[in-house]
Amino acid sequence: MVRRWHNHLAETQSFVRLALSFLQSSWPNAEQRAHVGALFAVEARTLAMLPAIDTSDLHTGLTPNQSGITPVRPDATRAAQYLRALRERVCAWLRSVSTAAQSGVAIEPLARALDGARSELVAALELLELLLFPREVDPIVECSEAVERAAAALSRKVAIDAKDRAHVPQVRGLLRLIGAMIADAEDGAIVRVSHSSTRASFEVPSTREAQGEDRWAFLKFCAYLGRMHFDRDDVRAKLLVPLAVS
């Protein structure tokens, strides 16, 4: 079902690009604009009709011996609620573009908001899908390098506070999960990396307001799927990852 959502959103993006290109050109008259605008409402209804992703059936595919962290199943319902809320945001912006196109109102600001909402939902789906399919053998990555690569993928600047060179298995989704933490922090935030005898800790400044309860629940659930542990207090988010076996 995750793949079905992802494929549908790719089709939605193709439609949106073509439709917006037409609406923003000098070709359409008022009747044509109204007709194309109505198609955005149809797309919103179609996206809303996709069956929900049943997170209650999802679980980590690794064995306990492959992790230094005993997984405690987090709230799968809240994780599903987060995905539904993101989908509803996309549908709401599709309907807004539809109304604006049919009314002759400028659609550019609405189109940008629609693209942002769609991108956020796609990123969440990609993270979830990556963690659902673990590798048999994960490559090893230094913790600081993992942070650098995650920040570079987002074009974000962070400072890394690491006192030693711990290494962790680069499970599928690890960099995306670190990136999601960085995305919730201010540009230039300090990412603190430390480790105990069995696990590495990535700490990123993050407030509850910036992250939101449902997003926090979703990231916690994603960490569980990768046999990692995600937690948060009032000032930081923390990801615990098993150390690589030397």
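To the nearest 0.05, how large is the calculated FRET efficiency for ARG165 and ARG112 if R₀ is 45 Å and r is the Cβ-Cβ distance?
0.60
Specify which residue in the list ALA152, PRO134, VAL122 is farthest towards the positive end of the charge dipole of segment 94-159, using unit charges on the beta carbon of Lys, Arg (+1) and Asp, Glu (-1), about the Cα centre.
Sorting the options by dipole projection puts first VAL122.
Across every pair of different alpha-carbon atoms, what Kirkwood hydrodynamic radius in Å does segment 75-154 reach?
Value: 15.5 Å, from the Cα pair sum.
On full extension of the chain, what length is gained from ALA153 through ASP231, given 0.36 nm per residue of separation minus the C-alpha to C-alpha distance?
My answer for the length gained is 25.8 nm.
Run the numbers for MET49 and SER119: contour at 0.36 nm per residue of separation, minus the present Cα-Cα distance, in nm.
Working it through step by step, the gained length comes to 23.3 nm.
Accessible area per residue of segment 115-246 at 1.4 Å probe, in Å²?
On a per-residue basis, 46 Å².
Can you pull the one-decimal nm distance between simple spin-label points at ASP187 and ARG4, each 7 Å off the Cα toward Cβ?
About 4.0 nm, to one decimal.
Using alpha-carbon pairs under 8 Å, 6+ residues apart, how would you state the relative contact order of the chain in percent?
22 percent
Under 14 Å from a point 7 Å along the Cα-to-Cβ line of SER21: which residues of segment 99-120 have their amide N that close?
none
Could you state the number of Å between the C-alpha centres of segment 171-246 and segment 1-58?
Here the answer is 33 Å between Cα centres.
Starting from the residue with the highest accessible area, list TRP27, TRP93, TRP216 in decreasing order, probe 1.4 Å.
Solvent-accessible surface, decreasing: TRP27, TRP93, TRP216.
For segment 88-213, calculate the relative contact order in percent as a whole number, restricting contacts to Cα pairs under 8 Å that are 6 or more residues apart.
20 percent
The values are calculated or read from the model by the stated rules, or taken from the named source; none is laboratory data. Bear in mind that the values here come from a model prediction, so they are computed numbers and not experimental data. In this analysis, Cβ positions are derived from the backbone assuming ideal geometry, glycine residues included, and neighbour counts consider all displayed protein chains. Heavy atoms of the whole protein, side chains included, go into the accessibility calculation; ligands, DNA and RNA do not. Shrake-Rupley method; radii C 1.70, N 1.55, O 1.52, S 1.80 Å.
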